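Trainee: First the structure, then my questions, so here it is.
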């Protein structure tokens, strides 16, 4: 089951603080909100147990509703934007709950043919680590205009990591923490896996007699 906890979400950390927060922190809520939406959708999409999803959505709704009630009980100029985001989050949870109930009531209208496809490939964890797959995903994502969505929507990192997860039957967990782990490595190791792939290709070229340095 995908690892997704509300208390670890950046938007929750920003909103739960009971005191006034600096405006620069409030401005971070937009990106934190988008991260939350992406990860929530990924969790729902990858979790097969509807009962577990409903429980998670219920807990999330209660947490945000409680924070909102507190903020409204002690109104300040600085918490107006917090309440706006809380309203958006609560509405999102309600809509996802409604969608899930409809899916359970009318399953034939929600059949996803692609979800039945399962990749026959898995990685050897002794050779390829999760951080290696994340390194690849980051490389594809960072390559300007290298990848595009066919529906012309904005491409997000989670779109790329989902493909790798499905292709190799892995769960990358918190992709933003893993992304940070990739880009914060020492210069000599920052493209360690890509360097291994390069060496493997060069070796194959040598073995076939094509390589001429």
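The values are calculated or read from the model by the stated rules, or taken from the named source; none is laboratory data. Since the model is a prediction, treat every value here as computed from it, not as a measurement. Methodologically, a virtual Cβ is constructed for each residue, glycine included, from the backbone with ideal geometry; neighbour enumeration extends over all protein chains shown.
Trainee: Restricting to the range 112-125, name every residue that is surrounded by 10 or more Cβ atoms within 10 Å (Cβ to Cβ) and at pLDDT below 85.
Mentor: Answer for the range 112-125, where residues must be surrounded by 10 or more Cβ atoms within 10 Å (Cβ to Cβ) and at pLDDT below 85: just 115.
Trainee: As an exercise: evaluate residue 87 against (1) at pLDDT 90 or above; (2) surrounded by fewer than 11 Cβ atoms within 10 Å (Cβ to Cβ); (3) farther than 23 Å from residue 162 by Cβ and give the number of the one condition it does not meet.
Mentor: (2)
Trainee: May I ask you to verify whether residue 72 is part of a helix (DSSP H, G or I), out of contact with any helix residue (DSSP H, G or I) (no Cβ under 6 Å at 6 or more places or on another chain), over 28 Å from residue 176 (Cα atoms) and at pLDDT below 90?
Mentor: Yes: the conditions hold for residue 72.
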